[in-house]
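Encoded as structure tokens, the structure appears first; notes follow it.
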Amino acid sequence: MKWNKLALIIGMSTTMFQASAQSSYGYYGHKNFVELTTVSYVPILRNIYDFVYSGGYRKTIGGTLVETSNDWFNTGIRLSIGRAHKQNSAISLEFGYDYWSLPIGGVGSETNDGHLISIHPLQNLKMKTLRVMPKIHIAKKGSLLPIGLSHEIGFGISRTTIREKDYLYYVKVDPYEPAYFPQSTKEFIDYNQRHNGIQFLYGLKIRNPINKVFAMNYGFRYLLDFQVGSSTSFNEDFIYKNNRQAFIREYTRFNLLTNALSLDIGVTFVF
Amino acid sequence: MKFVLLYLLTVPCWLTAQIDFNDYQTIQSSGQIPTDFTAQTYEKIEEGLTVQRDGMSRIEQREFLEKTGYAIDDLLHSGLVVYGDELSNYISAIADDLLSDNPQLRSELRFYTLKSNVTNAFSTDQGIIFVTTGLLGQLANEAQLAYILAHEISHYTEKHVVESFNWSRDQRFSHNWISQMSVYKKEREFEADKLAIDMYRKAGYSKDELVSTFDVLLYSYLPFDEIKVAQSYFSSDQMYLPPFMFPEKEYEIKADEHEDDSNSTHPNIAKRKEAVKKELEAVTGTWEQAKFKQPEETFVLIRDIARFENVRTSILNTNYGDAVYSIYLLEQKFPNSMYLKRMKAQSWLGLYQYEKLGQISKVIKATKEYEGFSADVHYMIRKFNRSSLTTMSVRQIYDIYQANSTDPEIKAIYSFLLNELGRDDKFNLSDYSALTFQQAVDSSLALIEKQSLDSLTLPLEVTTDTLTVEEPAKKKTKYDRIKTKTAVSTEIVVGESIDSIKYYLYGLSDIITDSSFLKNLEDERAIEKERQNRRDAFDALSSREQKKILKKNQYNYLEIGCKELIVVEPKVYSYKKSGVDNVKSEQLEETFSEALSESAQLADISLYSIDSRSLDQNGSKGFNERTALLTCLRQIGNNNYKVNPFPVDFSLLRELEGNYGTSNVLFTIVEHSFNPNIRAGYFLYTILFPPALPFMAATYIPIQLMQANKTEITLVMLDIKTGEVIFGDSHYLNEPVKKLNLGAHMYDLFMHLKTNPR
């Protein structure tokens, strides 16, 4: 609820700013823009880490075995709406989804009834991150935003959840005790759990006009996503509370921070 | 045969053309516009490639054609070249004579006049021969011109241009390329001199005049005549100039035909004369005795036109000292010329503006350059101080205005002066005496002493210094006068001199009581005071408030309520590593022109485009309009940025304003380069921390690549009614030069311009 309020405040303040902004004549008289952009991450740092330590796993083509896999490529989509209020500055509100893999490798823990349980290997979890971020676009004096080269700076919030899928895993239970082990991932992953974060963005983007209303945009961005709060996606009934924090959030935090650089390409509609 | 017919058809036109020197206007192009001016350069290059040049590969040929082609086309479109005018027609007629036995060669050549005070003529590989007004103004007779043309034609036929081509230099941006185009090796000059003799002789010109042509070259740096200025020329009943304002000695003319030419591209004059004399001895054919084959009056007319042009060019180039002397020379022959009066007023206005700026030395000759009688004028101007030059300028312009107050140009110059005086807090009328110098002398010596005059001796005649009456100019040439200078007596009759340094305070006695002048000045001062009050009020604000106001009014300077606009020659310079990519630049210019037109249409602004690409449709009228506008811009460029010059072609600009219904003219230049500026050295730092290498590669390179497009759009807008720069702006962008990008910027500009001033 708290998160929703924050999003609302950011959205409203952005809209108000846009409405009150003084303007230039923009691009052929158009100052507003809607932008649809795909983002592509190549998590270089994460892969360096995985090269040193164990990485994650993925399903084989048959869907039964799990084989080692690194997280090579993630993608996302952004929808922005903005307005140039001066020749060389603009403001926009960006909504986006990132789809990415979380390579955990495995989980070892103690169940509520005292058994030791090891889930290993665990297929990489499919994550999605919803992002909301107001941005300012700054260009050189004499530029004509929304067209041309601009620097983007943003500060916003994110919410990461695990996509509900039937993940493949192997479970080993303490052999000396009667064992309970989950039948499906739903039993130890709480798909409703949300991981909130705050994010900082710096990007460099070019919008090259295709005609008087459309432009192609491309560039790159650095996005630092800091996970906040203490939550885990592991079901409390399944894993002890004191172990909860150790997993998903930590992995998520690490992954998002090591996923900082992305390349963007998309289209901009100016109106 | 066709040339004979052409000659018969054209010669009467310029023979009968009456030039009204009293109401002179700068020469303009007329008739069918030659393809030299309308064809695109890249078309000329492709055409040039069809001709094989000996000893050149195809790549070298292309480079040669590109570099020379663009340099020549820049010159053709610079606004300095005229075709179909009296001067070009006269030169062509002489060339017809010279080449009457070689019609094939004649058909390859075109002759144009170049408005430049440099004494020069030069030929190009394309077959164009340029002759400067500076040269025409210096000539003593037609035969001299014929020999110079024959010399240039020989350079063309012998392909000396190709040989002397400077491969290492991008000639497009060279500031001195007019001179560079006429630089050949010494032996080539001798060769052209030699070949020219035959052509000259066959045409029937006098042998005696041939060697004297070299005197023209020897003394070409001097003004077109050598006559001592009478001190009375600058004095009047109202303004007395004491003799100490003029030099006591005559400045020696230092030209030496034997000068050391070891570091020069040309052989010295003595050597050339000697070589020509030797050649003449070897000539066996008969010689005719013609100094003139065209009527002599036509030559004199042409030379006078060239001299009038020299005055204009001097003003255009801010050489006001030279202009004043040239006007003096011409006024001997044309005392009632309104054009000369206008130019005189402009010269004094310019001198005043530079004196006010403290940069008078920029517009007159340095002391070490003083030579001949023209030095007297420069000496006098240098001798003036801030107050006395102001007084002299006001005096001169006021007198011209009083005598010609109905002339719109003189009226405009007078208003311009008042505007300048209104902003000159050092010009105080209370400093000036209500008496003339003579009256002051007559009334009271004590009063004069009170006015801080150092000493006074009553003159017997204050302004009686005169020269003996000169022989008519046509009887004696400049060169005769220089050579017989020692024998000439100046015979100045001067009364006992007055040693006064405050003489100028008596120079405005009538003006300070002229109610019209006082009212106009008061009005200008009131406007300036209001401006100053606004500036003071702004300065009194806090820095935050100032920023707020500046932000609020950031586009005010563009908002002029302009609905119609003239755009001149949108220029694009696209740079590659080795310099300007001329071909690409030319193509981008077309793109830019289209972008301008479309944007103006969208912004609902009536745009009149005057550029070299539309000359096919606009013909000579368009060419002349373009020339007038480029001249206006050139004049601004020639001046200090703090000086707002009065437009030298005022009447042409007024006419143009009337034709288009607007006085707003926009000049645009776009410069573009693609330079990623990636420094490989930065990657060496990653040796210290190898994991940083992929980041370096993934961030540094994209950032540099994305910022690699570097575009600068320069905009200058003029009000040709006043000659004022309305605004000048430069925008630096990281964008490619594309129609949509440029169009968007132009649209934004047009929308601002359309907005009415707040």
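The values are calculated or read from the model by the stated rules, or taken from the named source; none is laboratory data. Computed from a predicted model, the values in this text were never measured in an experiment. Positions of Cβ are generated from backbone atoms using ideal geometry, with glycine treated the same way; all protein chains shown enter the neighbour counts. What goes into the accessible areas is simple: the full protein's heavy atoms, side chains included, and nothing from ligands, DNA or RNA. Shrake-Rupley method; radii C 1.70, N 1.55, O 1.52, S 1.80 Å.
Observations on the structure shown:
- Residue within the stretch A:135-147 that is more than 14 Å from chain B (Cβ to nearest Cβ) and assigned to a strand (DSSP E or B) present: yes
- Put simply, of B:E420, B:E369 the only residue that is at negative phi, among the charged types (D, E, K, R) and at pLDDT 90 or above is B:E420.
- So B:I713, is it in contact with a strand residue (DSSP E or B) (Cβ under 6 Å, 6 or more places away or on another chain), facing another protein chain (nearest Cβ under 9 Å) and in contact (Cβ under 8 Å) with a residue 24 or more places away in the chain: yes
- Pairs linking a residue in the stretch A:145-160 that is at positive phi to a residue that is in a strand (DSSP E or B) and not hydroxyl-bearing (S, T, Y), with Cβ atoms under 8 Å and 6 or more positions apart or on different chains, are A:G148/A:I206; A:G148/A:R207; A:G148/B:L733.
- Every listed requirement among (1) in contact with a Lys or Arg (Cβ under 9 Å, 6 or more places away or on another chain); (2) open to solvent by 10 Å² or more (accessible area, probe 1.4 Å); (3) assigned to a loop (DSSP other than H, G, I, E, B) is met by B:F244 save one, (3).
For (1) away from every other protein chain (no Cβ under 14 Å); (2) without any contact (Cβ under 8 Å) to a residue 12 or more places away in the chain; (3) out of contact with any Lys or Arg (no Cβ under 9 Å at 6 or more places or on another chain); (4) under 22 Å from B:G31 (Cβ atoms), each residue gets a yes or a no:
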{"site": "B:F592", "(1), (2), (3), (4)": "yes, no, no, no"}
{"site": "B:S599", "(1), (2), (3), (4)": "no, no, yes, no"}
{"site": "B:D611", "(1), (2), (3), (4)": "yes, no, no, yes"}
{"site": "B:G619", "(1), (2), (3), (4)": "yes, no, yes, yes"}
{"site": "B:L630", "(1), (2), (3), (4)": "yes, no, yes, yes"}
{"site": "B:Q635", "(1), (2), (3), (4)": "yes, no, yes, no"}
{"site": "B:N640", "(1), (2), (3), (4)": "yes, no, no, no"}
{"site": "B:L656", "(1), (2), (3), (4)": "yes, no, yes, yes"}
{"site": "B:G661", "(1), (2), (3), (4)": "yes, no, yes, no"}
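- Selection within the stretch B:720-733: residues that are open to solvent by 30 Å² or more (accessible area, probe 1.4 Å) and more than 14 Å from chain A (Cβ to nearest Cβ). The member of this set that is nearest to B:Y555 (Cα to Cα) is B:I726.
- Residue count for the stretch B:689-704 under the criterion of being closer than 24 Å to B:H672 by Cβ and more than 10 Å from chain A (Cβ to nearest Cβ): the result is 3.
- Scope the stretch B:210-241; condition of a type in the set (D, E) and buried (at least 21 other Cβ atoms within 10 Å of the Cβ); matching residues: B:D215, B:D225, B:E226
- One residue from B:K333, B:K344 being without any contact (Cβ under 8 Å) to a residue 60 or more places away in the chain and closer than 21 Å to B:I315 by Cβ: B:K344
- Residue within the stretch B:675-687 that is under 26 Å from B:L588 (Cβ atoms), at pLDDT 80 or above, within 10 Å of chain A (Cβ to nearest Cβ) and surrounded by fewer than 21 Cβ atoms within 10 Å (Cβ to Cβ) present: no
- Positions within the stretch A:148-160 being in contact with a Ser or Thr (Cβ under 8 Å, 6 or more places away or on another chain) and away from every other protein chain (no Cβ under 12 Å), in sequence order: A:S158, A:R159, A:T160
- Matching residues in the stretch B:691-740 - criterion: being aliphatic (A, V, I, L, M) and in a strand (DSSP E or B): B:I713, B:L715, B:V716, B:M717, B:L718, B:V725, B:I726, B:L733
- Residues in the stretch A:25-43 that are in a loop (DSSP other than H, G, I, E, B) and not aliphatic (A, V, I, L, M): A:Y25, A:G26, A:Y28, A:G29, A:K31, A:P43.
- When A:S101 is tested against (1) at pLDDT below 85; (2) part of a strand (DSSP E or B); (3) more than 24 Å from A:S158 (Cα to Cα); (4) not acidic (D, E), exactly one condition is not met: (3).
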